[in-house]
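Values quoted throughout were computed directly from the atomic coordinates according to the rules given, and no laboratory measurement underlies them. Not measured: the values here are computed from a predicted model. We place every Cβ from the backbone using ideal geometry, glycine too, and count neighbours over all the protein chains shown.
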Amino acid sequence: MSTLQGQTAIVTGASKNIGRAIAIRLAQAGCHLSLAARANEDGLRETVEAVRMHNVEAHPVLSDLSTTQGCLELIKTARDALGHIDILVHTVAVRPHQPFETIDHSDWEKVRRLILDSAMHLALDVVPEMAKQGYGRIILFTGLGAHIGVPERAHVSAAKMGIIGLARGLASEFASRNVRVNVISPGSIDTLRANPQWYANSPISTETIPMGRLGTVKEIADTAHFLVSDESGFITGQTLHVNGGEAFYE
């Protein structure tokens, strides 16, 4: 089994769902973790408890990553706790469904700050360290809707496609210093959805998925582990689609 024994990682959105599953998977591989959530302290505590069962360090951090200060505080707290940062897995997103005619500038800024700006701010703080130490792994997240186009989510799609541009730029610039950057694009995944109103006009369905089921958070976590492990050593700047065949890309 691939091991990340003794390595250190930040996982955002770690209080539930995909973020929690990734944290547990990295812990199973021996990774010490700084785990971030915005406000779900109880959920974050449950993740920390699950992670520590694998005899690794787990440090919870409550931080609002839609702000520059929140991003900087997360990195500082993680460094103070772990000493350095080998891996960053940034899962945080927001997915409001909103007709384009009703979106105002503040709506766009809110979505952009949490999805794209947070990724940039975190990268600005961790990538130079990774390059200097000659080792780094970054995983960012986009989504199926950004690739296929979904009504009432143009602002979300725009921000999430920016994630891909950021990853490609970082990958090409820092590959020679052993910093690899990739993106995971999940399809329809079986998760707890905190804002069911967003899905009222587009309920989650398996009808368009050739495999006939929703994906699991474990499958996303296993993909993340693969991308930060040496088993994916020749992969960087790529977007890996985990969607059960719901859409195909070249």
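Tabulated data for the structure shown
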| quantity | calculated |
| --- | --- |
| Peptide ranges 181-188, 234-241 listed from the most packed, as the mean C-beta count within 10 angstrom indicates | 181-188, 234-241 |
| Efficiency of FRET from Cβ geometry, GLN5 and ALA39, R₀ 25 Å, rounded to 0.05 | 0.20 |
| Extended-chain gain in nm, criterion 0.36 nm per residue less alpha-carbon gap, GLU173 and ARG95 | 25.1 nm |
| Total charge dipole magnitude, the chain, about the Cα centre, Cβ charges on Lys, Arg, Asp, Glu only, Debye to nearest 20 | 200 debye |
| Likely footprinting exposure, MET130, MET53, MET120, fewest C-beta neighbours within 10 Å first | MET53, MET120, MET130 |
| FRET efficiency estimate (nearest 0.05) - Cβ-Cβ, ALA158 to LEU192, R0 45 angstrom | 0.95 |
| Highest-MSF residue in the chain out of SER176, SER229, SER63 [GNM, Cα springs under 10 Å] | SER176 |
